Amino acid sequence: MPEGFGLTKHARLLTSAEFSQVLNAKPGLAWRHQDPLFRVLSAPSDHPRLGLAIAKRLMPRAVDRNRVKRLVRESFRLHQSRLPSRDYVVFARQDMRSYPSKQIRYSLDELMQAIIERSKQSQQTSQ
């Protein structure tokens, strides 16, 4: 695995307090991005970190939830070097059992790209 592309323990949100910081972030600091499959909330932090919220009511079987979580973690791992230093919480918005992995990855890539573009725009306006 290339250096800097692993998803270490430090790159994950682990406690409910860390999730709460993102969910309760002030409106001016919080970013929200969404599409039909996912909603991503983020708040400033020292480095990019990922938290997952895949509801059991949307996908009752653990195998289905775990598949979506694997795809989200992989997308985050591939994009984390370009993502701004923020904590991200990814929510599933619907049951994705019938969606092919390729479509889920495409959705995640588009969301990650939107976050990267927003970061570039906010950097330009702050200069």
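Can you put Val63, Val22 in order of accessible area, largest first, using a 1.4 Å probe?
In descending accessible area the options line up as Val63, Val22.
Take Lys102, Lys69 and sort them by solvent-accessible surface of the protein heavy atoms, 1.4 Å probe, largest at the top.
Greatest to least solvent exposure: Lys102, Lys69.
Skip the ligands, DNA and RNA, and give the accessible area per residue of the chain with a 1.4 Å probe, whole Å².
Per-residue accessible area for the chain comes out at 60 Å².
Leaving out ligands, DNA and RNA, what percent of the accessible area of segment 56-127 is carbon and sulfur, probe 1.4 Å?
Roughly 45 percent, rounded to a whole number.
Taking the mean number of other Cβ atoms within 10 Å as a proxy for protection, how do you rank 107-118, 10-21, 82-93 from highest to lowest?
Ranking the peptides 107-118, 10-21, 82-93 by packing returns 82-93, 107-118, 10-21.
Just name one of Ser16, Phe76, Ser42: the one whose Cα is farthest towards the positive end of the charge dipole of the chain (beta-carbon charges, Lys/Arg +1, Asp/Glu -1).
In the chain, that residue is Ser16.
Can you give me the P(r) profile for segment 63-127? Cα pairs, bins 5 angstrom wide beginning at 0, each as a whole percent.
3, 15, 27, 21, 15, 10, 5, 3, 1, 0
Using only the alpha-carbon atoms, what does the chain span along each of its principal axes? Please give whole angstrom values in decreasing order.
47, 33, 28
The values are calculated or read from the model by the stated rules, or taken from the named source; none is laboratory data. Predicted, not measured: the structure shown is a model, and the values here were computed from it. Note that we place each Cβ from the backbone using ideal geometry, even for glycine, and neighbour counts take in every protein chain shown. For the accessible areas, the whole protein counts, side chains as well, though only heavy atoms, and no ligand, DNA or RNA atoms are used. Shrake-Rupley method; radii C 1.70, N 1.55, O 1.52, S 1.80 Å.
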